[in-house]
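The values are calculated or read from the model by the stated rules, or taken from the named source; none is laboratory data. Fair warning: this is a prediction, and the values are worked out from it, not measured in the lab. Cβ atoms come from the backbone with ideal geometry, glycine included; neighbour counts cover every protein chain shown.
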Amino acid sequence: MERIVGIDLGTTNSLIAFVDGDTPRVIPDAQTGDPLLPSVVAFLPDGQVEVGQGAKAVLADQPLTTVQSVKRFMGLGMEHVSTEDRRRYRFADETGIVRFALPSHPYTAPEVSAFILRALRDRAEAYLKEPVRKVVITVPAYFNDSQRQATKDAGRLAGLEVVRLVNEPTAASLAYGLDKKEEGLIAVYDLGGGTFDISVLRLHTGIFEVLATNGDTRLGGDDIDQRLADHFLLSDVPEALRHDPHVASNARRVTEQAKRALSDHDETQLRLEVPEKRVHITRTLTRKELEAAVDDIVARTLAPCRQALKDASLTPHEIDEVVMVGGSTRMPLVRQRVGEFFGREPLTDLNPDEVVALGAAVQADTLAGRRKDMLLLDVVPLSLGIETMGGVMSRLIERNTTIPTSVKEMYTTAVDDQTAVDIHVLQGERELVQDCRSLARFKVPIEPQPAGMPRVEVTFMIDANGILNVAASDLRTGRERSVEVKPSYGLTDEEIERLLEESIDFAEDDVTRRLVIEARTEADTLLHVTEKQLRQYAAFLEPGEEARIRAAVSALQEAKSGEDYNRTRDLIEELGTISAPFAQRIMDKSIGEVLGGKELGKV
Amino acid sequence: MTTGAALRCWRCAHEHPATLFCPQCSAVQQLPPQIDYFSVFGLPLRPAIDEAALTRQYYELSRRLHPDLYQTGTVEEKDASLKNTVLLNRAYRALRDLVSRGQYWLELQGESLGKENNRVPPTLAALVFEVQEKLAEVREAREAGKAESSKAEIAAIRTDLDGQMQRLRTLLAENLAQWVNESRSPDLLPQLKRLLSEIAYLRTLSRDVEKESEALWNA
């Protein structure tokens with residue numbers, strides 16, 4: 001059974017986890033032991049790409065060529081990028097899909113995310129000593145179709161098979177539910193670095209049923225940091241220096257540290273040092289001041305909470321437990337506001353940074369067929385519809401519908417010999433097309449016929465990833481029709497293929513490394529089996545045979561610790577050939593025993 | 001209605017009535033797409049049902065059908081599991097709530113609410129008029145900066161509408177319970193239609209009140 005691992009691809013930090021026996025575990029960095037990989041990617045002047053701590057270290061010096069919080073840009077077009085973000089990053093284009101202007105060439109958000117995914121995969125392969133190819137990746141529950149698709153694309157670009165996207169609060173509920181063995185109604189409040197989700201679930205005999213979800217994919221700890229940095233820049237830094245990228249990014253760094261410190265202390269020291277700009281500022285920051293500066297941001301999370309409860313037809317007091325997820329829930333102000341809203345103390349004893357990755361690993365284990373005692377029933381977070389006459393959105397699938405789900409629509413033509421029907425798919429809760437998010441345009445080909453004659457049935461299916469699939473069939477001919485998809489804010493299949501091809505040179509090293517690991521794993525298995533047979537079936541050895549096998553064993557042992565995977569492969573084969581007669585004798589004997597047993601049974 | 005339709009198991013070729021799993025080899029079966037929602041749950045075709053039992057049954061079937069459990073299965077199993085789960089989810093959504101179940105039952109009788117939905121049902125006319133008048137007053141007061149004094153007013157309207165909704169739901173439950181009776185009144189169908197359209201209208205009205213209520217609390 002091929003292993004599937006779980007990945008939490010976070011705005012601020014990312015993690016990778018697997019199930020060890022029955023227990024989900026996060027995999028730490030081999031050197032530092034830290035399970036968190038900062039979701040920061042630095043494009044260095046020499047063409048090298050750094051991910052994680054190394055990238056974070058150069059962030060203050062190279063703010064424009066280091067991408068952090070790339071998750072905020074997944075599945076977006078340039079028109080969705082705020083002026084604040086335009087100040088912080090350099091973009092390659094003014095319109096279309098978001099592409100970062102970086103030294104070598106522009107990168108889309110999925111490409112940047114792919115660097116993070118590769119770093120996580122490397123970590124897991126080194127730890128598990130086996131190739132890792134299949135993954136489950138978590139996404140904010142409130143991610144729309146484009147954002148989900150972009151996440152899947154990132155996986156593909158990293159050479160991974162994304163078996164499933166799982167909603168972050170749902171993943172957290174899995175880890176929570178399995179840990180606490182509790183049943184009832186729970187609310188998962190997930191305030192991460194860049195996104196906010198609230199999900200209401202019913203836990204019942206191993207079923208995790210999402211009743212409603214809501215959120216804001218542009219609301220998180222990032223906003224709190226930015227607000228605090230702005231507050232500090234405005235009150236303490238001379239106006240001429242406020243917009244200097246170095247000063248601004250250093251200010252963010254120190255205020256972020258101060259925010260963390262204020263989760264445990266009533267006051268802390270802020271120290272901003274940018275010698276080349278002659279900036280040396282030290283001052284005290286109190287928790288009260290922090291809370292006053294960001295209170296409205298925290299309050300913004302409550303409207304989605306209210307809506308989710310309403311959609312689930314519940315009141316705050318009916319919730320049995322409130323589970324806190326995401327690093328930002330460490331802030332006392334967040335805990336206080338959530339506690340007031342639900343009228344109960346939120347549960348904070350799970351590690352808010354790790355619980356999502358652990359849940360992803362558990363779900364990965366189910367998908368790998370290793371676990372049958374639990375099941376997720378998730379929902380689509382936003383209503384899905386199509387554009388109709390007059391720019392009105394006609395809803396086909398309501399938000400909070402359990403997935404997978406589908407709906408069929410019948411189409412015909414308006415003019416004679418029309419050869420195609422265009423379908424514009426949207427997501428959102430508003431009435432007008434212009435207020436909803438455009439997902440994609442689909443073109444369904446039709447055989448030319450008089451107007452109104454063709455009958456084409458289009459099926460809109462939302463799969464278990466929350467991603468839309470469209471299929472069409474001509475009811476007159478009974479033939480399936482291909483559907484041409486133009487994503488509004490994403491990469492087409494051809495573009496992904498091209499990017500994959502382009503990355504092959506770059507990935508040469510990757511491939512070599514994978515082959516080394518694969519050869520090593522195979523060698524280990526063979527060596528283990530051979531040792532066992534030598535011990536268990538010594539009686540079947542012919543004179544001199546053991547010495548020959550032992551020689552092949554030590555040759556292979558030596559080869560597999562090196563990097564030459566071809567030599568390892570050759571020696572695997574050699575050991576196989578030398579020990580084949582021995583293995584055959586063992587086999588004959590066991591068959592004989594089985595047959596013998598049968599004979600006895602008959603008598 | 002295809003409840004009695006026969007299926008041939010893709011795995012063991014056993015012929016059996018349309019059920020989710022083959023009675024002989026228990027392989028997951030692909031139900032005909034036009035099957036009614038009651039049959040998906042193996043329930044008799046009648047609109048009064050035990051909702052708690054339905055939920056238990058939904059969980060039980062999901063636990064055996066869900067695509068997550070067939071990731072490593074054959075193409076036939078994956079396909080049948082996905083299509084059946086889609087069907088099961090839709091069926092559960094339609095049947096789990098009294099009102100949506102009533103609407104589905106109406107559809108099965110070949111009827112729909114259609115355009116009538118937009119007209120004020122005569123039985124609600126007086127109520128609608130009264131509520132809209134009060135809403136206008138509340139809005140005026142709010143815009144004049146006197147939000148506080150209207151809060152009690154709006155709360156009273158909400159209580160009133162909730163009571164009306166409860167009354168209509170009780171009537172709807174009674175209506176749905178009578179469909180099993182062989183000698184049922186011919187009025188049952190028109191009554192069902194009227195109740196559903198009143199409920200739909202009341203919901204729209206409640207939404208307006210809800211909106212004003214939110215504006216009031218945010219003022």
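Would you confirm whether or not segment B:104-123 contains a residue that is part of a loop (DSSP other than H, G, I, E, B), surrounded by 18 or more Cβ atoms within 10 Å (Cβ to Cβ) and either away from chain A (no Cβ under 14 Å) or at pLDDT 95 or above (or both)?
Taking every residue of segment B:104-123 in turn, at least one turns out to be part of a loop (DSSP other than H, G, I, E, B), surrounded by 18 or more Cβ atoms within 10 Å (Cβ to Cβ) and either away from chain A (no Cβ under 14 Å) or at pLDDT 95 or above (or both).
Collect the residues in segment A:324-382 that are in contact (Cβ under 8 Å) with a residue 24 or more places away in the chain, among the polar types (S, T, N, Q) and over 28 Å from A:Arg306 (Cβ atoms), keeping them in residue-number order.
A:Gln363
Where residues in segment B:66-97 are of a type in the set (Ser, Thr, Tyr) and surrounded by fewer than 17 Cβ atoms within 10 Å (Cβ to Cβ), which of them is farthest from the other protein chains (Cβ to nearest Cβ)?
Only one residue fits best here, namely B:Thr74.
Take residues that are at pLDDT 90 or above and tell me which of the strands (runs of 3 or more DSSP E) falling wholly in segment A:441-538 contain 2 or more.
Once the strands (runs of 3 or more DSSP E) in segment A:441-538 are filtered for at least 2 residues that are at pLDDT 90 or above, what remains is A:456-462, A:468-474.
Looking only at segment A:488-506, decide whether some residue is in contact with a Gly (Cβ under 8 Å, 6 or more places away or on another chain), buried (at least 18 other Cβ atoms within 10 Å of the Cβ), of a type outside the set (Ser, Thr, Tyr) and within 21 Å of A:Gln149 (Cβ to Cβ).
yes
Only residues that are of a type in the set (Ser, Thr, Tyr), in a helix (DSSP H, G or I) and either more than 18 Å from B:Asn89 (Cβ to Cβ) or touching a helix residue (DSSP H, G or I) at 6+ places or on another chain (Cβ under 6 Å) (or both): list them for segment B:26-53, please.
B:Tyr37
Hey, any hits in segment A:123-130 for a residue that's touching a helix residue (DSSP H, G or I) at 6+ places or on another chain (Cβ under 9 Å), in a helix (DSSP H, G or I) and not aromatic (Phe, Trp, Tyr)?
yes
Considering only segment A:131-153, how many residues are among the basic types (Lys, Arg), out of contact with any Asp or Glu (no Cβ under 9 Å at 6 or more places or on another chain) and not in a helix (DSSP H, G or I)?
Summing the residues that are among the basic types (Lys, Arg), out of contact with any Asp or Glu (no Cβ under 9 Å at 6 or more places or on another chain) and not in a helix (DSSP H, G or I) in segment A:131-153 gives 0.
Do we find a residue being under 27 Å from A:Gly221 (Cβ atoms), within 14 Å of another protein chain (Cβ to nearest Cβ) and either free of Cβ contacts under 8 Å to residues at least 60 places away in the same chain or more than 21 Å from the chain's Cα centre (by Cα) (or both) anywhere in segment A:414-428?
no
For residues in segment A:434-471 being closer than 16 Å to A:Gln418 by Cα and buried (at least 19 other Cβ atoms within 10 Å of the Cβ), which is farthest from the chain's Cα centre (by Cα)?
The residue in question is A:Pro454.
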